[in-house]
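**Q** Below: one structure in structure tokens.
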Amino acid sequence: MTTVELEYCVPCEFRRRALDVETAVLGALEAEIDEFRLVMGDGGVFEVRVDGETVYDKQEEAFDVDGIVRAVRAAL
């Protein structure tokens, strides 16, 4: 079972970004994913994990929806 989890900072108002990434990932990879979870966080977090392994962290990379989709695809 493949799970994609996106944790985003609520106080930073990253919800719109999180929803954009969710839409893009599901649009491209829905048939390959069993579950997509949005997790509310704080402290500036915006991380995408596939089966617990971080594939994107905004602290390390610039925000790029297409790049995040590619990272998720590579992890599958």
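**Q** Here is a check on your reading of the model: is MET1 outside any loop (DSSP other than H, G, I, E, B) and open to solvent by 80 Å² or more (accessible area, probe 1.4 Å)?
**A** So MET1 does not fit the description; no.
**Q** Between residues in segment 24-50 that are within 13 Å of TYR8 (Cα to Cα) and residues that are assigned to a helix (DSSP H, G or I) and open to solvent by less than 60 Å² (accessible area, probe 1.4 Å), which pairs lie under 6 Å by C-beta distance while being six or more apart or on different chains?
**A** LEU38/ALA18; VAL48/ILE68
**Q** Considering only segment 33-76, state which residues are within 16 Å of THR2 (Cα to Cα), of a type outside the set (Val, Ile, Thr) and touching a helix residue (DSSP H, G or I) at 6+ places or on another chain (Cβ under 8 Å).
**A** Within segment 33-76, PHE36, LEU38, ASP51, GLU53, ARG73, LEU76 qualify.
**Q** Could you pull out every one of the strands (runs of 3 or more DSSP E) wholly within segment 8-76 that has 1 or more residues that are open to solvent by 50 Å² or more (accessible area, probe 1.4 Å)?
**A** Ranges flagged: 35-41, 53-57.
The values are calculated or read from the model by the stated rules, or taken from the named source; none is laboratory data. The structure displayed is predicted, hence computed values, not measured ones. For neighbour counting, all protein chains shown are included, and Cβ atoms are generated from backbone atoms with ideal geometry for every residue, glycine included. Only protein heavy atoms, including side chains, enter the accessible area calculation; ligands, DNA and RNA are left aside. Shrake-Rupley method; radii C 1.70, N 1.55, O 1.52, S 1.80 Å.
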